[in-house]
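Engineer: Structure provided below as structure tokens; questions to follow.
The values are calculated or read from the model by the stated rules, or taken from the named source; none is laboratory data. All figures in this text were calculated on a predicted structure; none of them were measured in a lab. We place every Cβ from the backbone using ideal geometry, glycine too, and count neighbours over all the protein chains shown. For the accessible areas, the whole protein counts, side chains as well, though only heavy atoms, and no ligand, DNA or RNA atoms are used. Shrake-Rupley method; radii C 1.70, N 1.55, O 1.52, S 1.80 Å.
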Amino acid sequence: MRKLLTILLAAVLCLSLAACGGPDKQPAIDAYNELAKNYNKFVEISNEDLSGWSEEDIDYMNSIADAITKYGEQLESDDELTQEQLDEMVKACNEFNGVIEEYLENEE
């Protein structure tokens, strides 16, 4: 009986350790941090003169700000994110970051 209990307990411990290996958030965190950093630079520069910006441009940049807020909240929460959600977050952050980096390069 002791051997059976020992084997059962060892199996439960192995399964519980295997369950801890969820998706890796680090690539999403890195993409989020890079986007947030560049967006802050962008806001600092663009707030100096918004006269050349269309309403559509401003709406698009506001959508980026909303995405940054949403992704930050998701990454900081204790909620489980799937690898698919994290990959989509990285993709979106990289796309937004590309737009912002292109703008920042044109401003230099």
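Engineer: I'd like the residue in segment 67-108 that is touching a residue at least 40 places away in the same chain (Cβ under 8 Å) and assigned to a loop (DSSP other than H, G, I, E, B) and, out of all such residues, is surrounded by the most Cβ atoms within 10 Å (Cβ to Cβ).
Structural biologist: L81
Engineer: Condition first: open to solvent by 30 Å² or more (accessible area, probe 1.4 Å) and assigned to a helix (DSSP H, G or I). Now tell me which residues in segment 50-64 satisfy that. Write out each step before concluding.
Structural biologist: Keep residues of segment 50-64 that are open to solvent by 30 Å² or more (accessible area, probe 1.4 Å), which gives 50-60, 62-63.
Within segment 50-64, E55, E56, D57, I58, D59, Y60, N62, S63 meet the criteria.
Engineer: Now, a different point. Out of all the residues in segment 53-89, which are farther than 21 Å from V43 by Cα and either touching a Leu at 6+ places or on another chain (Cβ under 8 Å) or of a type outside the set (S, T, N, Q) (or both)?
Structural biologist: If the condition is that a residue be farther than 21 Å from V43 by Cα and either touching a Leu at 6+ places or on another chain (Cβ under 8 Å) or of a type outside the set (S, T, N, Q) (or both), then Q74, L75, E76, D78, D79, E80, L81, E84, L86, D87, E88, M89 are the ones that fit.
Engineer: Also: Output yes when any residue across segment 3-23 is open to solvent by 60 Å² or more (accessible area, probe 1.4 Å), modelled with pLDDT of 90 or more, assigned to a loop (DSSP other than H, G, I, E, B) and not aliphatic (A, V, I, L, M), and no when none is. Break it down stepwise before answering.
Structural biologist: The first filter runs over segment 3-23 and keeps only residues open to solvent by 60 Å² or more (accessible area, probe 1.4 Å), leaving 3-9, 12-15, 17-21.
Still in the list and also modelled with pLDDT of 90 or more: none.
No, segment 3-23 contains no residue that is open to solvent by 60 Å² or more (accessible area, probe 1.4 Å), modelled with pLDDT of 90 or more, assigned to a loop (DSSP other than H, G, I, E, B) and not aliphatic (A, V, I, L, M).
Engineer: Give me the pairs, please: first residue somewhere in segment 43-62 and under 20 Å from N97 (Cα atoms), second residue anywhere and surrounded by 13 or more Cβ atoms within 10 Å (Cβ to Cβ) and basic (K, R), beta-carbon distance under 8 Å, and either six or more positions apart or on two chains.
Structural biologist: Close Cβ pairs satisfying both conditions: none exist.
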